[in-house]
Every structure is written in structure tokens, then in C-alpha cells.
Amino acid sequence: MGFVKVMSVLVVLVAIGLKLVHDNTPPVIPGNLPKEMRALRVHGPGNATTLGDVRVDTIPVPKVERGYVLIRVRAAAINPSDIYFLRGIYTSTGNDPSFPAAAGFEGSGLVVGHGGGLFGHMLLGQRVAFGAAGGGAYAEYIAVKEDLVIPLPAEMNYPQGAFSMVNPLTAIGMLSTGLSEGHQAFVQTAAASSLGKMLLRLSKVQDVPMIHVVRRAAQKQLLVGLGAVPEHVLISTDNDFVPKLRALSKQLRATAAFDAVAGTSTAQLAEALPDGGLVYVYGALSNEPVKDVDPMVLMHGNKRIGGWHLRVWTDNLYFPQKLMYIFKTRALLTTALRTDINGYVSLDNFVTEANKYMGAATNNKRVLVFK
Ligand SMILES: NC(=O)c1ccc[n+]([C@@H]2O[C@H](COP(=O)([O-])OP(=O)(O)OC[C@H]3O[C@@H](n4cnc5c(N)ncnc54)[C@H](OP(=O)(O)O)[C@@H]3O)[C@@H](O)[C@H]2O)c1
């Protein structure tokens, strides 16, 4: 634990060395904090396509304990996992949510209080991005564990900073997992998503061949505009999609696939990958279970289907590894791992805007902002 603390202090020192800027808002000393805050919470389940009973509640500002900092939230990301959570069908732990459940898995803001200790003191007044594995980012204040906070780069504003953890770390983590398991080239589905675009840019930075699967011609154009090799972008709705993917995977030696879609997509990938291929399922955009997998394909081709989740990956990292990945991610936040924001949302119009986002998600990312 001593080592962890020392490393944590080092993170802050290095971060300060990286010329962090302070927010102009003076830090609130805990005694001056408001007693109550507004927070978006889900009170009951919806279903696979409809949000649950989502309400803006007035609840107490959280108490900040040792090892935690109190953040005045300025922006929070809206990602597919947040939508699943608001539908009442997904939690960070995979268990059934107990209602009312505080929503929002990541955001950015100003550190206005801490539970004691040097690390918390050093973070006071810093602009930070934070992860909220248990939810709660869609609120005016949140108490977050000190090691789930990254000081924001000086050039990053709060809305951009709100997207610093979930997708960027997933892009870094999945690619590292795939490479460390011996794969040298990859296929990815839903490649026009924010995360898909990060994987595309990262694959170019790291010189890793990647095949990008999208479902519409306009999405192919988008990726080619971002520098994808046109022949390496395939459209899943084309009649000859699977044979084309099989030939290209063989040519590029793409032995692993990152699948955000599930449903029949996973089966198509397993069929198309070369023998020994592995499909990492990391999303459920089709709202369907993995289905129609031919057992003969798995047996005779020695192929596997597995899951990948950010929380599971980070839980299995040693602290120095975690730090290394956080720094690697932070260094790329304004370039390869940036998120394009297409709409600003408030607590009051959240439900309408969230529904618009999930209706057509490509280049339609929204962020919740607080005054
Ligand atoms: N496992 C993990 O730890 C982890 C971590 C982070 C993210 N994720 C997952 O990563 C995925 C991408 O997240 P994001 O924030 O980058 O998403 P996003 O920016 O909201 O984009 C979603 C993309 O998926 C496409 N899409 C939706 N339904 C589809 C379907 N049935 N078939 C094919 N494409 C479909 C959308 O295209 P249209 O415009 O055509 O709708 C859009 O391009 C999500 O599934 C998310 O849950 C997983």
C-alpha cells in the first residue's frame, strides 16, 4: 500500500510538471459546500430499446472519505454503456441494478474537496477527468477514489475531458491484450463508432494492420476520410461480406476480431477468421445475444469466442502497469484518442437527447454539461 501511495504522489507530481492549469473557480472548502445537489437517477427498468424510469432527483452531496476526492462535475460522457444502464439492463458489476441507481460512468470537473492526505491535497483545485465505475457522474458533485482521477491536459476543455477514460482506455487495453496474446492484425466491427475511430487511429500510430467493418456506405467514406485503406473497410450488409472478410483476414493475417455488435456478427467473424482465430466480444450494439455460431467452425478451426471488459482488464493490472497505461492514454487524448462531440445536453433535456443519440449514433456523440 505504501508503494501505491508513493506511485500515486508521483503521478500528481509528474502531472503538475506537465503544466496543468487550474480552473479559475476557487476551490470550495468542504464547509461551504451546498448540502444538496441535482442528480440523474434511474428508478425502474425499461427494456432493450427504451430508457427506464429516469428522473432528476435532489439528493445530499456525497460525503468524502479518506482516499477519495470530491469533484464538482462540469461535464459527463454519454456512452452506450450509460444508455444500457438507464434502460435498467446493465450495471458496471453485471448484477441487476438496485433502484434508484445513480447514472454516469465518467466525466470531468474540478476537485473541490478531499478526505485527507497529501495526494488529495495536491489534487485540490485541479481540473480532472474521472471514472465512476459504480455510476454517479450525472450529478453536480461526485466522490471518486483518488486513483480514478487523471489531471486534464492544459489544452483540454471539460466536455472533451469527460471522454478521457472509458473509450480511450478500452482502445489502448484491447489492442494491448490482442497484441500480447500473439495476434498481429485485427478486425473490428462498428468501426465508425467513437471507439472504432480511436482503434483506427491507434492502429495507424502503432502500425498494426486492421480491417474495419461498418454497416453503411457513408460510414466507409467517413473512415476513408480518417485515413483507412479503402480496401480494408468492409460493409457488413453487402452480400459477399463474409467471403470478402475471409480473404482479407487471410491476406493480412488478421487472427483476432474486436466485436462491439454481437448477435450474428460474432458468428460471421468466427467463420471468416483464419484457423486459430479469436473473437473478443466487447459490446452488444445489436441488442441480441451471440447467436448462430456453428460449433463445427469452432471445433475444426480451433477458434474461440471470449469477452473483453475494461473493468475486468484494469482489475487484473498491477498498479505500475495501470499507471503506464493511464499515461499512455493521457498522451494521446487530443490526437488518436480524441472524441468528436456533436451535441451538448443538460439534466433537463437529457432523456430526449439520449434517445436521439441512440437512434443514429455515428458522429452523434453528446455530452452532459453542468453550469
Ligand atoms: N467492453 C468494454 O469495456 C467497453 C468499453 C467501452 C465501450 N464499449 C463498447 O464499445 C462500443 C462503441 O462505443 P462508442 O461510445 O464508441 O459508440 P458510439 O460512438 O455511440 O457509436 C456507436 C456505433 O455503433 C453503430 N451501431 C449501432 N448499432 C449497430 C448494429 N446493430 N450493428 C452495427 N453497428 C451498429 C452505430 O452506427 P449507426 O450510426 O449506424 O447507428 C455507431 O457507429 C459500444 O458497444 C460500447 O458498449 C465497451
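The values are calculated or read from the model by the stated rules, or taken from the named source; none is laboratory data. All values derive from a computational prediction rather than experimental measurement. Neighbour counts are summed over all protein chains in view; Cβ atoms, including those assigned to glycine, are modelled from backbone coordinates with ideal geometry. Just the protein is used for accessible areas: all its heavy atoms, side chains included, with ligands, DNA and RNA removed. Shrake-Rupley method; radii C 1.70, N 1.55, O 1.52, S 1.80 Å.
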Subject >> Candidate lysines for bridging to residue 356, where Cα separation is under 20 Å - those fewer than 8 sequence places away on the same chain excluded >> reply: 365
Subject >> For region 306-371 versus region 127-144, the gap between their alpha-carbon centres in whole angstrom >> reply: 13 Å
**OP:** Pop out the ³J(HN,Hα) list for region 234-248 in order, Karplus 6.51 cos²θ - 1.76 cosθ + 1.60 with θ = phi - 60°, rounded to Hz; leave Gly and Pro as x.
**Re:** 10, 9, 5, 8, 5, 4, 9, 4, 5, x, 5, 5, 4, 5, 5
Subject >> Whole-Hz ³J(HN,Hα) from phi, Karplus 6.51 cos²θ - 1.76 cosθ + 1.60, for region 78-83, glycine and proline x >> reply: 10, 10, x, 5, 5, 5
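If you average over every viewing direction, what projected area does the convex hull of the Cα atoms of region 167-311 give, in nm²? It would help to have the intermediate numbers written out before the result.
On the way: hull surface 31.4 nm².
So the Cα hull casts an average projection of 7.9 nm².
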**OP:** Would you work out the relative contact order for the chain, in percent, from Cα pairs under 8 angstrom that are 6 or more residues apart?
**Re:** 16 percent
Original post:
Tell me, what ³J(HN,Hα) does each residue in region 125-139 have, in order and in whole Hz, if you take phi through Karplus 6.51 cos²θ - 1.76 cosθ + 1.60 with θ = phi - 60° and put x for Gly and Pro?
Top reply: x, 8, 7, 9, 9, 9, x, 10, 4, x, x, x, 6, 8, 8
Subject >> Local electrostatic count, residue 191, Cβ distance below 10 Å [Lys/Arg +1, Asp/Glu -1] >> reply: +3
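At a 10 angstrom cut-off on C-beta neighbours, averaged per residue, how do the peptides 118-127, 215-224 rank from highest to lowest?
Numbers: 118-127: 18.6, 215-224: 16.5.
With the highest mean Cβ count within 10 Å placed first, the list reads 118-127, 215-224.
Would you please put 325-337, 155-167, 302-314, 273-285 in order of how densely packed they are, using the mean number of other Cβ atoms within 10 angstrom per residue and starting with the highest? Write out the running numbers ahead of the final one.
On the way: 325-337: 18.1, 155-167: 22.8, 302-314: 15.7, 273-285: 20.2.
Highest-to-lowest ranking by the protection proxy: 155-167, 273-285, 325-337, 302-314.
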Original post:
Can you give me the relative contact order of region 167-311 as a percent, contacts being Cα pairs under 8 Å and 6 or more apart?
Top reply: 21 percent
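Enumerate lysine pairs in region 219-349 that are 8 or more residues apart or on different chains, then count those whose Cα atoms are under 24 Å apart. Provide the component values of the computation, followed by the final result.
Values: 220/244; 220/250; 244/291; 244/303; 250/291; 250/303; 291/303.
Lysine pairs meeting both conditions in region 219-349 amount to 7.
Rolling a 1.4 angstrom probe over the protein heavy atoms, how many square angstrom per residue are accessible across the chain? Kindly include the intermediate steps, with their values, before the conclusion.
Details: 16580 Å² over 371 residues.
Heavy-atom accessible area per residue stands at 45 Å².
How much mean residue ellipticity at 222 nm does the chain get from its helices, if each DSSP H run of length 4 or more adds -39500 (n - 2.57) and you divide by all residues, to the nearest 500 deg cm²/dmol? If you can, show how the numbers build up before the last one.
Values: 13 runs with 124 residues, N = 371.
Mean residue ellipticity, 222 nm, calculated: -9500 deg cm²/dmol.
Within a Cβ distance under 15 Å of residue 219, other residues only, what is the Lys/Arg minus Asp/Glu net charge? It would help to have the intermediate numbers written out before the result.
Values: positive: 197, 215, 216, 220, 365; negative: 238, 340.
Residues close to residue 219 contribute a combined charge of +3.
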Subject >> Residues whose placed amide H lies under 5 Å from that of residue 44, excluding near-sequence neighbours >> reply: 53
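Order 251-258, 234-241, 63-70 from most to least packed using the mean count of other Cβ atoms within 10 Å.
Working: 251-258: 21.5, 234-241: 13.5, 63-70: 18.4.
Ranking, from highest mean packing down: 251-258, 63-70, 234-241.
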Subject >> Partner lysines for residue 371 [C-alpha distance under 19 Å; skip if fewer than 8 residues away on the same chain] >> reply: 35
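Based on Cβ point charges of +1 for Lys and Arg and -1 for Asp and Glu, what charge dipole magnitude is obtained for region 167-311 about its Cα centre, in debye rounded to the nearest 20?
Working: 14 positive and 11 negative charges, 68 e Å.
The calculation lands at about 320 debye.
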**OP:** Name the long-range amide H neighbours of residue 186: under 5 Å, sequence gap of 5 or more, or other chain; modelled H, no Pro or chain starts.
**Re:** 210, 211
